[in-house]
Structure formats: C-alpha cells, structure tokens
1. Filter the stretch 177-199 down to the residues that are hydrophobic (A, V, I, L, M, F, W, C) and surrounded by fewer than 20 Cβ atoms within 10 Å (Cβ to Cβ) and list them by number.
2. Does residue 110 satisfy the criteria of being without any contact (Cβ under 8 Å) to a residue 12 or more places away in the chain and either over 22 Å from the mean Cα position of the chain (by Cα) or not in a loop (DSSP other than H, G, I, E, B) (or both)?
3. Which condition does residue 305 not pass, out of (1) more than 13 Å from residue 58 (Cα to Cα); (2) among the hydrophobic types (A, V, I, L, M, F, W, C); (3) not in a loop (DSSP other than H, G, I, E, B), if it passes all the others?
4. Given the options 98, 115, 93, name the one that is touching a residue at least 60 places away in the same chain (Cβ under 8 Å) and part of a loop (DSSP other than H, G, I, E, B).
5. With the structure loaded, tell me whether residue 313 is over 16 Å from residue 61 (Cβ atoms), surrounded by fewer than 16 Cβ atoms within 10 Å (Cβ to Cβ), under 15 Å from the mean Cα position of the chain (by Cα) and among the acidic types (Asp, Glu) or whether it fails that test.
6. For the stretch 259-275, how many residues meet the condition of being surrounded by 24 or more Cβ atoms within 10 Å (Cβ to Cβ) and either among the polar types (S, T, N, Q) or closer than 18 Å to residue 205 by Cβ (or both)?
7. Just a yes or no: is a residue in the stretch 277-291 within 27 Å of residue 315 (Cβ to Cβ), in contact with a strand residue (DSSP E or B) (Cβ under 6 Å, 6 or more places away or on another chain) and modelled with pLDDT of 95 or more?
8. Take residue 196 and decide whether it is touching a His at 6+ places or on another chain (Cβ under 9 Å) and of a type in the set (Gly, Ala, Ser).
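The values are calculated or read from the model by the stated rules, or taken from the named source; none is laboratory data. Quantities reported herein were computed from a predicted structural model and do not represent experimental measurements. Please note: Cβ atoms are built from the backbone with ideal geometry, for glycine as well, and neighbour counts cover all protein chains shown.
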Amino acid sequence: MFSAIVSWQLRDLGGGEMQTKLKPISDIEVSDDMNVKDLTSQMLASGGFTAKKLGVACDIVRKMFRDKDCVIFLSFPACIISTGTRGVIRKLVEDRLVDVIITTCGTLDHDLARVWRKYYHGDFLMDDNDLHRKGINRLGNILIPNESYGIVLEQKMQPMLGEIFKEGKKTLSSRQLAHEFGMRINDKKSILYWAARNEIPVFVPGITDGAFGSQLWLFKQQHSDFNVDVMKDEQDLSDIVFTAKKAGAIMIGGGISKHHVIWWNQFRGGLDYAVYLTTAEEWDGSLSGARIREAVSWGKVKENAPYITVEGDATITLPMLASSVVGEGRPGRH
C-alpha cells in the first residue's frame, strides 16, 4: 500500500516540484534518555528500510487503539511463548489492549508448563543427540527438560480435566477450555490467567496439535463422552466478526493462527487495520510468507486499510512495538 502511494506521487512530479513535495529523510538522533516511543517515532521519519516499517506499524496500532469501534485480533505462534516475549503478550492481555486471541496449541502448552516449571537458556549449536539422551528438548536456543513439559502437563492437566468433567462440562470448545484452565491457575505471569479474568477469548483452531491436545485425547480414553466442539469456536468467531463495526489485527508469525484471523474477517469485507510481523519469505507461496497486500486480493484486508508487513524476529520487533504503544491504552474502552 505504502509503496503504491509513493509510486503514484512520483508519477506526477518532476524536477523542482518533486523536491518540494517529497518528504526528506531525517536522521535518527539517539540519546541516553530516549524512550522506545521516541525511537520508533524517529524510525517513522528516518525512511530506513525495516526501521521505517516498524515505525509505520506503531502508528497503525495507535490508530487501532484510538478507534472505539475497532475489535482488535491478536494472533501468534507458540514458539515465542517459550521465550521472555511471553511477557509482552501477557501485558497486551492484562491491559485489555486486544479483544480476541487466535493462537496454536503450543501456546497453551508453554504458557501452562511455565506456570509449574522453568525453561532454560541454551544455544542453537548444542549437541542435539546429547540433549536427547539427557531428556532435554531444544526449541531454538531455549532448553525444555521433559519434566518441564509433557510430564508436568500430564500431572497437572489430568486432575484439572477431571474437575471440569465432574462439573458437567463434557463438551467444550477450545475457547471454553482455555478459559477453564485460565481460571484454575493462579499465576499473574500467565497469558491464560489474564485472558480468563479479562474475558478475552482465546481460540485454538489446531487444538490437537500439541501436548495440551494429547492430554485431551488421553482423558477421553477413560471418558468417552468428553468432546471438543470446534464448531462452537467457529460460531463464536462468526458472532464476533459479524457484529464488529471495524476490525484490526496484530499478527505475529504465520500459519494457522494468522490465517484464521484473515479468513474469518473476509466475511465482513476485510480487516480495517492490519500489522504483520514475520521472518518468512513470500517466494514459496506460503501463507506465512504472504505479505498483507496478497490478503487484499482475497478480500481479507480492505483495499483502503492502513497495513504494513514488518520483516524481522518478533522477539525483537514485538517488544519494541508494544513498548511504544502500551502507555497510551485504548481511550474510551474499558
């Protein structure tokens, strides 16, 4: 969108007229008392490659926050929840800066596992054969011992599922499951804890694709009338989408979580705002690599919507974006 605007401006300008109407590049002036909001504002004016894109992203998110009619979707993959970036997501949820979460099963895995156990620092170049023999799983440069993941999830989840079942809740959607578990934990560092208490729905369209899903399957072996109703999730999403006056999305990474956001919003004519943080390339035709401009062709993002794709590691770009905008809150929203 932004490149198209610049191309249009250049087409009708020439010589001195071009020099007077085009916006000049400004240098970033760093100082020891600079805050992140000031930095990203300067990035917007710097014209500097991905730095400008991040500045634009901050500007679009502020517009979402100020739009009282806008329902804000947040999507993200599980991997970043194994890192300290979990705290950034949690802050957005705790402060009610987003309205709907769509994520993957691994988010439930990592968020719950870290309530009960610790994850550890590692390195991308560690000996994976050695780690396997020691019962340690490597996620990038994060180390997750077996006892901190599958083992503890089984120990904790099975009794909790038993409680839920005894209360007569035998068929639940992924949204309802996330809420039930969020209400049963007492850890303010947890995303599910805050989502449940702030009544922010968490949808997991790939609910069986992870340790949480495996525990649901295991529970069903002894409770044949226990079921997960994914169509209930879709009905709830349709109610949110079709009643939203406007819709915006902050999408981190691709895959099913990103696609579910844009897929559902096409039915209301597309997103009104969109920010996408990604490391994926578009030349392989993947949804993860697809830039937002491609979603416009499908009607998943409106033609006139402000949008931007920011290339870069979300463990860097998301904390900067969030730090730049969280202090402003969402005026008029409670």
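1. Going through the stretch 177-199, the residues hydrophobic (A, V, I, L, M, F, W, C) turn out to be 177-178, 181, 183, 185, 191-192, 194-196.
Within the stretch 177-199, 183, 185 qualify.
2. On the way: without any contact (Cβ under 8 Å) to a residue 12 or more places away in the chain: no; either over 22 Å from the mean Cα position of the chain (by Cα) or not in a loop (DSSP other than H, G, I, E, B) (or both): yes.
Spelling it out, it is not the case that residue 110 is without any contact (Cβ under 8 Å) to a residue 12 or more places away in the chain and either over 22 Å from the mean Cα position of the chain (by Cα) or not in a loop (DSSP other than H, G, I, E, B) (or both).
3. (3)
4. Values: 115 fails: part of a loop (DSSP other than H, G, I, E, B); 93 fails: part of a loop (DSSP other than H, G, I, E, B).
One residue alone meets the criteria, 98.
5. Taking the combined requirement at face value, the residue satisfies it.
6. So the count comes out to 4.
7. Step one: list which residues in the stretch 277-291 are within 27 Å of residue 315 (Cβ to Cβ), which gives 277-291.
Still in the running and in contact with a strand residue (DSSP E or B) (Cβ under 6 Å, 6 or more places away or on another chain): 277, 291.
Checking the rest, the ones that are also modelled with pLDDT of 95 or more come to 277, 291.
Within the stretch 277-291, one or more residues are within 27 Å of residue 315 (Cβ to Cβ), in contact with a strand residue (DSSP E or B) (Cβ under 6 Å, 6 or more places away or on another chain) and modelled with pLDDT of 95 or more.
8. On the way: touching a His at 6+ places or on another chain (Cβ under 9 Å): yes; of a type in the set (Gly, Ala, Ser): yes.
Yes; evaluated as a whole, the condition is true for this residue.
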